[in-house]
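What follows is one structure encoded as structure tokens, with my remarks underneath.
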Amino acid sequence: MYVPRGFEETRVEVLHQLIRAYPLAALVALTADGLDANHIPFLIDPEPAPFGTLRGHVARANSLWRDCSPEVHALALFRGPDAYISPSWYATKQETGKVVPTWNYAVVHAHGPMRAIEDRSWLRTFVERLTNIHETGRSRPWTVADAPPDFVDKQLGAIVGLEMPITRLVGKWKTSQNRPDRDRDGVIEGLLEDGGESAKAMAGLVGQSRRARSSG
């Protein structure tokens with residue numbers, strides 16, 4: 001991924017936070033048939049330092065867990081908020097007209113070797129943790145124990161776990177850092193007027209980058 005220095009995010013805790021907020025990754029791995037991409041929700045464990053470990057699972061019928069090349073590291077792509085940025089939001093448009101549209105986004109790329117796990121105990125612990133995290137805060141949270149034990153056991157037999165210790169973690173936060181503050185203020189206002197969850201989230205990121213530069 002091309003990452004200009006001004007858009008690079010290196011703080012591991014910030015990268016992990018995006019993964020937790022947007023856990024569905026595009027997992028790209030090399031197989032005998034070429035590159036294969038699957039969309040998988042992951043959990044991030046901060047250990048071992050410095051980058052942590054990703055854990056997920058796929059259907060046993062998915063050949064990924066058998067076919068991926070152990071010699072070539074896999075790549076998990078996590079995409080956070082993104083939004084189209086109109087040049088009409090820039091104060092610079094009124095001053096010089098020398099502006100063009102762009103697209104803001106925040107993404108994390110995690111690289112590492114991937115291994116398959118068939119151990120039922122590991123799988124049970126993992127799916128319970130995954131479920132509990134995503135059910136937290138619901139008025140009637142579902143738990144694995146709510147399902148009949150024989151049904152759960154059958155379902156566990158139909159999946160295979162994935163574990164990827166992260167050897168390289170890259171973050172790119174393209175949040176209008178290359179624009180003057182008056183343009184960033186216009187971007188924030190425009191995104192909030194556009195509405196939508198992703199636009200609002202991006203407005204928050206643009207605001208964070210603006211405050212960081214002001215305090216620096």
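The values are calculated or read from the model by the stated rules, or taken from the named source; none is laboratory data. Just so it is clear, the structure is predicted and the values come from calculations on it, not from any experiment. As a convention, Cβ positions derive from the backbone with ideal geometry for all residues, glycine included, and neighbour counts pool all protein chains shown.
Is segment 164-180 home to any residue that is touching a helix residue (DSSP H, G or I) at 6+ places or on another chain (Cβ under 8 Å) and either at positive phi or assigned to a helix (DSSP H, G or I) (or both)? Scanning segment 164-180 turns up at least one residue that is touching a helix residue (DSSP H, G or I) at 6+ places or on another chain (Cβ under 8 Å) and either at positive phi or assigned to a helix (DSSP H, G or I) (or both).
Going through Ala26, Ala21 one at a time, which residue ends up being out of contact with any Cys (no Cβ under 6 Å at 6 or more places or on another chain), within 17 Å of His134 (Cα to Cα) and of a type in the set (A, V, I, L, M, F, W, C)? I'd like the intermediate steps shown before the answer.
On the way: Ala26 fails: within 17 Å of His134 (Cα to Cα).
Just one listed residue meets the conditions, Ala21.
For His16, the criteria (1) surrounded by 14 or more Cβ atoms within 10 Å (Cβ to Cβ); (2) closer than 19 Å to Met114 by Cα; (3) over 15 Å from the mean Cα position of the chain (by Cα) hold in every case but one, which is (3). The condition (being over 30 Å from Glu128 (Cβ atoms) and not β-branched (Val, Ile, Thr)) is satisfied by just one residue among Gly56, Gly34, Gly52: Gly34.
Scan Gly161, Gly186, Gly137, Gly207 and give me the residue that is in contact with a strand residue (DSSP E or B) (Cβ under 9 Å, 6 or more places away or on another chain) and either surrounded by 13 or more Cβ atoms within 10 Å (Cβ to Cβ) or under 19 Å from Tyr22 (Cα atoms) (or both). Break it down into steps so the answer makes sense when it comes.
On the way: Gly186 fails: in contact with a strand residue (DSSP E or B) (Cβ under 9 Å, 6 or more places away or on another chain); Gly137 fails: in contact with a strand residue (DSSP E or B) (Cβ under 9 Å, 6 or more places away or on another chain); Gly207 fails: in contact with a strand residue (DSSP E or B) (Cβ under 9 Å, 6 or more places away or on another chain).
Only one candidate passes the filter, namely Gly161.
Only one of the numbered conditions (1) at positive phi; (2) free of Cβ contacts under 8 Å to residues at least 40 places away in the same chain is violated by Gly52, and that is (2). Residues that are in contact with a helix residue (DSSP H, G or I) (Cβ under 9 Å, 6 or more places away or on another chain) and assigned to a loop (DSSP other than H, G, I, E, B) within segment 60-96 comprise Ser86, Tyr90, listed in sequence order.
For a quick check of your reading of the model, give me the residue pairs whose first member lies in segment 98-110 and is over 19 Å from Leu27 (Cβ atoms) and crowded, with 21+ Cβ neighbours inside 10 Å, whose second is modelled with pLDDT of 95 or more and basic (Lys, Arg), with beta-carbon atoms closer than 6 Å and at least 6 apart or on different chains. Short answer, once both residue conditions are applied: Asn104/Lys174. Can you find a residue that is surrounded by 12 or more Cβ atoms within 10 Å (Cβ to Cβ), of a type in the set (Phe, Trp, Tyr) and either free of Cβ contacts under 8 Å to residues at least 12 places away in the same chain or farther than 22 Å from Gly56 by Cβ (or both) anywhere in segment 113-129? No, segment 113-129 has no match at all.
Per the listing Leu30, Leu54, Leu24, Leu18, the residue uniquely among the aliphatic types (A, V, I, L, M) and at pLDDT below 95 is Leu30. Determine if segment 190-212 includes at least one residue that is of a type in the set (Gly, Ala, Ser), farther than 30 Å from Ala61 by Cα and in contact with a Leu (Cβ under 8 Å, 6 or more places away or on another chain). Yes, segment 190-212 has at least one match.
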